[in-house]
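K.L.:
I'd like to ask you about the structure that follows.
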Amino acid sequence: MIFPLSGRRIYVAGDRGMVGQALIRRLAREDCQILTAPRSIDLREQASVRGWFADNAPEAVIIAAARVGGIKANDSRPAEFLYDNLMIEANLIEAARQQQCAKLLFLGSSCIYPRMAPQPIAEESLMTGPLEPTNQWYAAAKIAGIMLCQAYRRQYGCDFISAMPTNLYGPGDNYDLDGSHVIPALIRKTAAAQAAGDETVVVWGTGKPLREFMHVDDLADACVFLLRNYSDESHVNVGSGQEISIADLAALIAGIAGFGGRMEFDTTKPDGTPRKIMDGTRLQAMGWMPSISLRDGLIDALRDYRARFE
Ligand code: GDP
């Protein structure tokens, strides 16, 4: 083990988000101290971040803080997705260097890869072709974050690493239909159609795109594994290998929710990238495997939605 967590002060940046919450649940099982910053600390403000680091002296940092959203939010608010993410990661990475943090884990996303990258997408595909236009702003910021970690390793000897999770879902997801990703959107639309006695659920696009999904608790487990065991320049994919078409996903969610109506495909909405599955073999070769099936994960996500909103 390269970095034992026992007794460490670990700062989870982005603790109010779905990933941050999962990290806190997972780290609570370790003998470490979890630090979070109050809402008043705006991670886009350098002085604010620097002050918080000086006062709280974290020994390790996980960057789960980001401006995130689904295909519509990304496409319609490009400046926020680029600026906010650049500022958040740059401020946290620089503050971690100044504070001499022993470890930092930066989280990105599978959308960093070229739109037409060979599938499953290996780590080496980074910057080998044009990005998917609907999320290129977010992707550019996340690519900069990976490179910041690499640059800080080279120039300052910081043990900063990055992980790129596939599409995530789970408890604490964003269910706002304009901003959310496909799973929370379909959970909400299906539950609403059921409650209203509607016959149809509208699914964006053709239903043909393929996506890989991972429950956020699996990601949190992978993060703990990487913190402990990984120290190198290359970012590491965190994939589930569970790929499904959007149409089949909609049917699976309908089945779990007990919705007997029809799916209607709104082809005026974008499909986005045709296929996006990660090659997760590098992480698996290190000895980590996901453990939550898509079906079990969706049951958990639907339970979370109903508990929070019904
Ligand atoms: P992406 O993986 O970056 O494309 O992000 P999303 O999770 O937002 O979308 C994944 C796919 O699901 C795209 O092809 C969307 O068009 C499709 N999709 C179908 N219905 C919905 C919906 O209600 N909301 C969202 N966000 N996507 C949907």
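K.L.:
With all pairs of different alpha carbon atoms counted, what Kirkwood hydrodynamic radius in Å does region 99-180 show?
P.N.:
14.3 Å
K.L.:
Please give the peptides 43-50, 88-95 ranked by average Cβ packing (other Cβ atoms within 10 Å per residue), highest first, as a rough proxy for protection.
P.N.:
88-95, 43-50
K.L.:
What are the ³J(HN,Hα) couplings of region 194-203, residue after residue, when phi is run through the Karplus curve with 6.51, -1.76, 1.60 and θ = phi - 60°? Round to Hz, x for glycine and proline.
P.N.:
So the J values, rounded to whole Hz, are 4, 5, 8, x, 6, 8, 10, 10, 8, 10.
K.L.:
Return the percentage of antiparallel bridges among DSSP beta bridges fully within the chain, rounded to the nearest 5 %.
P.N.:
Around 10 percent antiparallel, to the nearest 5.
K.L.:
Another question about this same structure. Given the whole protein assembly as supplied and a 1.4 Å probe, what does the accessible area of Cys101 come to in Å², nearest 10?
P.N.:
Approximately 10 Å² of Cys101 is accessible to the 1.4 Å probe.
K.L.:
OK, next. Give the Kirkwood hydrodynamic radius (Å, one decimal) of the chain, defined as one over the mean of 1/r across all pairs of different Cα atoms.
P.N.:
19.8 Å
K.L.:
I'd like to compare 107-114, 240-247, 257-264: which one has the highest average count of other Cβ atoms within 10 Å, and what's the full order after that? Walk me through the numbers before you get to the answer.
P.N.:
Working: 107-114: 24.0, 240-247: 18.6, 257-264: 14.2.
Answer by packing, highest mean first, reads 107-114, 240-247, 257-264.
K.L.:
I would also like to ask the following. Under the √(5λ) rule applied to the eigenvalues of the Cα gyration tensor, what semi-axes describe the equivalent ellipsoid of region 26-127? Give them in Å, descending.
P.N.:
On the way: eigenvalues 154, 67, 34 Å².
The answer is 28, 18, 13 Å, longest axis first.
K.L.:
Would you mind estimating how fast region 129-248 diffuses translationally, via Stokes-Einstein at 20 °C and 1.002 mPa s with the Kirkwood radius over Cα pairs, in µm²/s?
P.N.:
Values: Rh = 16.9 Å.
My calculation gives 127 µm²/s for D.
K.L.:
Largest first, how would Phe106, Phe265 line up by accessible area (1.4 Å probe)?
P.N.:
Accessible-area ranking of Phe106, Phe265, largest first: Phe265, Phe106.
K.L.:
Now for a separate question. Arrange the residues Lys142, Lys276, Lys269, Lys208 by how much accessible surface each exposes, largest first, with a 1.4 angstrom probe.
P.N.:
Sorted by accessible area, descending: Lys208, Lys269, Lys276, Lys142.
K.L.:
If packing is taken as the average count of other Cβ atoms within 10 Å, what order do 11-17, 177-183 fall into, highest mean first?
P.N.:
11-17, 177-183
K.L.:
If you average 1/r over every pair of different alpha-carbon atoms in region 1-53 and take one over that average, what Kirkwood value in Å do you get?
P.N.:
Details: mean 1/r = 0.0825 Å⁻¹.
One decimal place: 12.1 Å for the Kirkwood radius.
K.L.:
With every protein chain in place, what's the accessible area of Trp204 (1.4 Å probe, Å², nearest 10)?
P.N.:
Result for Trp204: roughly 70 Å² accessible.
K.L.:
In addition: Across region 79-143, what fraction of all alpha-carbon pairs, as a whole percent, falls in each successive 10 Å bin from zero upward?
P.N.:
20, 42, 29, 9
K.L.:
In whole percent, what relative contact order does the chain give with Cα contacts below 8 Å and a gap of six or more residues?
P.N.:
Here the relative contact order equals 20 percent.
K.L.:
Can you work out D for region 211-260 in µm² s⁻¹ from Stokes-Einstein, where Rh is the Kirkwood radius over C-alpha pairs, the temperature is 25 °C and the viscosity is 0.890 mPa s?
P.N.:
Estimated via Stokes-Einstein, D reaches 186 µm²/s.
K.L.:
Roll a 1.4 Å probe over the protein chains and send me the accessible area per residue for the chain in Å².
P.N.:
Accessible surface, normalised per residue, equals 42 Å².
K.L.:
Moving to a separate point now. Let me cross-check Asp217: its accessible surface, 1.4 Å probe, with only protein heavy atoms counted, in Å² to the nearest 10?
P.N.:
Accessible area, nearest 10 Å²: 50 Å².
K.L.:
For Met127, Met214, Met286, write out the residues from largest to smallest accessible area, computed with a 1.4 angstrom probe and no ligands counted.
P.N.:
Ranking Met127, Met214, Met286 by accessible area, largest first, yields Met127, Met286, Met214.
K.L.:
Convert 37 °C to kelvin, take the viscosity as 0.692 mPa s, use the Kirkwood radius over C-alpha pairs of region 196-279 as Rh, and evaluate the Stokes-Einstein diffusion coefficient in µm²/s, rounded to a whole number.
P.N.:
Details: Rh = 15.2 Å.
The estimated diffusion coefficient comes to 216 µm²/s.
K.L.:
Using the Cα centre of region 186-246 as the reference point, and only Cβ charges (+1 on K/R, -1 on D/E), how large is the resulting charge dipole? Debye, rounded to the nearest 20.
P.N.:
Here region 186-246 has a charge dipole of around 240 debye.
K.L.:
Heavy atoms only, probe 1.4 Å: what % of the accessible area of the chain goes to carbon and sulfur, would you let me know? The partial results should precede the final answer.
P.N.:
Numbers: 6620 of 13120 Å².
Summing carbon and sulfur atoms, their accessible area is 50 percent of the total for the chain.
The values are calculated or read from the model by the stated rules, or taken from the named source; none is laboratory data. In this text the structure is predicted, and so the values were computed from the model without any measurement. FYI the Cβ positions are ideal-geometry reconstructions off the backbone, even for glycines, and counts take in every protein chain you see. Heads up: the accessible areas ignore ligands, DNA and RNA and are worked out on the full protein's heavy atoms, side chains in. Shrake-Rupley method; radii C 1.70, N 1.55, O 1.52, S 1.80 Å.
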